[in-house]
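Every read-out reported here was derived from the displayed coordinates using simple, explicitly stated rules and does not represent laboratory data. Not measured: the values here are computed from a predicted model. Every residue, glycine as well, gets a Cβ built from its backbone with ideal geometry; the counts of neighbours run over all protein chains shown.
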Amino acid sequence: MSAPVAAPAAAAPVPPPQPGTPEFEAAIVATLSAPAKWSEGPFSNGTGPNTLPVLDTASLTADTPFPALKNDLFLRTARGEACERTPVWCHRQAGRYLPEFKETRRLGDFFTMCRTPRIAVELTLQPIRRFALDAAIIFSDILVIPQALGMEVLMKEGVGPVLPAPIRTPDQMSRLKKREEVDVKSSLKYVFDAIRLCRHSLQGTVPLIGFCGAPWTLACYMIEGGGSKSYTQARRWLFAHPAESHALLSLITDVLIEYLVEQVRAGAQALEVFDTWSGELTQQCYDEFILPYVRKLAAEVKAQTKAQQLPSVPMTLFPKGSDSAATLRAIAQTTEYDLVSLDWATNPPEARAAVASAPRSVGLQGNLDPAVLYCSEEQIRAHTRKMLDAFGTGGRLVANLGHGMLPDHPLEGLRVFVDEVHNYSPNLCKQPAQQQ
Ligand code: 1CP
C-alpha cells in the first residue's frame with residue numbers, strides 16, 4: 001500500500017507591500033496599468049471603459065490648467081439653472097460593490113489608499129468609467145479630520161472605523177490639537193493632491209465633488225470611538241456637558257472651514273457636507289448643536305473662497321434622518337446650502353414645500369431607497385420613475401440614492417437606475433415647475 005500523499009499546505013496570504021517601499025510603488029504601477037479587464041461590465045456613458053487613466057503626475061505642474069468641463073448638468077442644477085435632464089450620481093459610488101474596487105483595495109489598508117493620491121484617483125474614476133454618472137466624488141473619508149486633530153483612526157475589515165482612544169470625557173479633549181496646532185494644508189495635503197490629480201484625470205468628463213463630515217457626525221465618532229447604534233454617549237455629552245460640546249463642535253467646524261476652502265483651491269467643483277447621524281437628535285438639540293455649525297461652515301466657506309478669489313462652488317448638506325419640515329425650513333431659510341440631500345424616508349413633495357419657504361431657491365438631491373437596487377429591472381425602473389415624479393416637474397433635482405451604495409448591491413441595479421433617470425427625466429425637466 002502506498003503512503004498517503006500529504007495535502008499541500010495552504011499558501012499563507014501574502015501581506016500587502018509597505019507604503020514607501022519599491023514593492024509598493026511597483027504594485028501601484030501594476031494596478032494603474034492593468035489591462036482593461038473590467039470592460040465587460042455595464043457601461044453606458046459613451047466614452048468607453050478605461051479611457052480615463054490616472055494621469056502621470058510628472059506631466060502636471062501646479063499651473064497646468066484644468067481641462068474644460070464637458071458635462072455641467074450637476075453644477076447647473078445646483079446653481080438653479082434649467083437643465084434638459086436630471087443629473088444623477090450616487091453616494092458611495094466608489095465602493096466595494098465594484099470588483100475593481102475590491103482588487104485595488106487589496107493593495108493596502110484603507111487610509112493608505114486615501115493617502116496615496118494615484119490610488120485615491122483610481123478609486124474615484126472606477127465608477128465613472130462604468131456608469132453614465134454626472135459627478136465624481138473624491139475617494140477619501142470623513143474620518144481624516146479626527147486624524148488631523150491628533151486621534152488615531154483605524155478602518156477594521158468587517159467592523160468599520162475604530163478610534164481606539166475616544167474622547168469620552170471633556171477633560172480628554174486635551175488630547176486633541178488646538179486649532180492653531182492643526183496644519184490643514186500639510187496634514188491633509190494628500191487629499192488636496194488627490195483632488196488636483198483627479199481634476200486632470202477626469203479630463204472634464206464630469207465635475208468633481210469634495211466633501212467632509214458635518215461637525216456633529218464627526219463628534220459622534222470621536223466620542224463613541226466608532227460607529228454605534230444610537231450614539232448614546234455622544235448625545236449624553238450634549239446634555240451633560242453643553243459648554244464643552246460647543247467647544248468641541250466649534251473646533252471641528254473651524255478645521256472643516258479651512259479643509260473645504262483648500263479642497264476648492266485644489267480643484268473641487270462642488271462640496272457636500274455629510275451629516276449622517278443628525279437624525280439621532282431632538283429638534284431642540286438639532287437647533288442648538290447642529291444648525292449653527294453647519295450654517296457657519298457654509299457661510300465661511302462661501303465668504304473665504306470669495307475673498308480669496310477662488311471659484312464659487314455649490315454646497316450640499318445631507319442631514320440624514322433630520323428632514324422634518326421644521327428642520328428643512330430652517331436649513332433653507334437660515335443657511336447658504338444650494339442643495340439639500342434627502343434620505344429615502346423623506347417625502348419629496350413635503351421637502352419641496354419646506355424649502356420653497358425660503359426667499360432663495362434651494363434644490364434637492366435624492367432619494368431612491370437603496371434597497372430598490374436589489375429588485376428586478378422593471379421594478380427599479382418603476383420606482384425610479386415614481387421617485388422622479390414625486391419631486392415634480394421643472395428640474396432643481398439631482399437624482400441620487402437616499403443613502404449610499406452597499407457592498408452587495410448588484411452592478412446592474414445601479415446601471416438600470418442611472419439609465420432610467422436618463423430616459424425618463426427629460427420630459428419632467430421640460431415642463432414648468434409646479435407651484436407648491
Ligand atoms: O475598506 C473599505 O473599502 C471600507 C468602505 C469605505 C469606503 C468605500 C469606508 C469606510 N469609507 C469609504 C469611502 C467614503 N466614505 C467616501 C468616498 C467614496 C464615495 O462616496 O464614492 C465618502 C464620501 C465617505 C463618507 C463617509 N464615511 C460617511 C458619510 C456618508 C455616509 O455614507 O453616511 C461616513 C458616515 C463615513 C464613515 C465610514 N467610513 C467607512 C465606513 C464603513 C463608515 C461608516 C461606518 C458607520 O456606519 O458608522
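Please report the net charge: other residues with Cβ closer than 12 Å to the Cβ of V362, K and R +1, D and E -1.
Counting the neighbours of V362, the net charge comes to +3.
For D275, enumerate residues with amide H under 5 Å from its amide H, sequence gap 5+ or separate chain, H modeled in the peptide plane.
Residues meeting the amide H criterion: A214, F318, K320.
For the range 189-281, run through the trypsin sites (Lys or Arg not before Pro) and keep only the ones in DSSP coil with at most 12 other Cβ atoms within 10 Å of their Cβ.
Taking the range 189-281 and a limit of 12 other Cβ atoms within 10 Å, the loop trypsin sites (Lys or Arg not before Pro) found are K229.
So which lysines pass the test for K189, namely a Cα distance under 20 Å, with those fewer than 8 places away in the same chain ruled out?
The qualifying lysines are K177, K178.
Based on the Kirkwood radius over alpha-carbon pairs, what is the Stokes-Einstein translational diffusion coefficient of the range 279-436 at 25 °C with 0.890 mPa s viscosity, in µm²/s?
Diffusion coefficient, whole number: 147 µm²/s.
Taking every pair of alpha-carbon atoms in the range 123-220, what share in percent sits in each 5 Å bin, from 0 to the bin with the longest distance?
Spelled out per bin, shortest first, that is 2, 11, 18, 20, 16, 14, 10, 5, 3, 1.
What GluC sites (Glu not before Pro) does the range 99-164 have in DSSP loop regions with at most 14 other beta carbons within 10 Å?
Passing both the DSSP loop test and the Cβ count: E152, E157.
What is the packing order of peptides 111-121, 356-366, 309-319, taking the mean over residues of other C-beta atoms within 10 Å and listing the highest first?
111-121, 309-319, 356-366
Under 5 Å between amide H atoms, partner at least 5 residues away or on a different chain: which partners does N367 have, H built in plane at 1.01 Å?
N400
Taking the convex hull of the Cα atoms, report for the range 74-430 its projected area averaged over all directions, in nm².
16.3
Would you mind estimating how fast the range 216-325 diffuses translationally, via Stokes-Einstein at 20 °C and 1.002 mPa s with the Kirkwood radius over Cα pairs, in µm²/s?
146
Pull out a ≥ b ≥ c, the square roots of the eigenvalues of the alpha-carbon gyration tensor of the range 103-169, then state rounded if a/c is under 1.5, prolate if not and a/b is larger than b/c, and oblate in the remaining case.
Prolate shape, in that a/c is at least 1.5 and a/b is the bigger ratio.
Taking H placed 1.01 Å from N in the peptide plane, check which residues at least 5 places from G226 or on another chain put their amide H under 5 Å from its amide H.
It is L163, by chain and number.
Compare the Cα positions of Y231, A326, A345 along the charge dipole of the chain (+1 at Cβ of Lys, Arg; -1 at Cβ of Asp, Glu; about the Cα centre) and return the one farthest towards the positive end.
Result: A326, furthest along the dipole toward the positive end.
When the chain is treated as a GNM, springs tying every alpha-carbon pair under 10 Å, which of A247, A82, A30 comes out with the largest mean-square fluctuation?
Result for the chain, Cα springs under 10 Å: A30 fluctuates most.
Identify which of S201, S322, S230 has the largest mean-square fluctuation in a Gaussian network model of the chain, with springs joining Cα atoms closer than 10 Å.
S230
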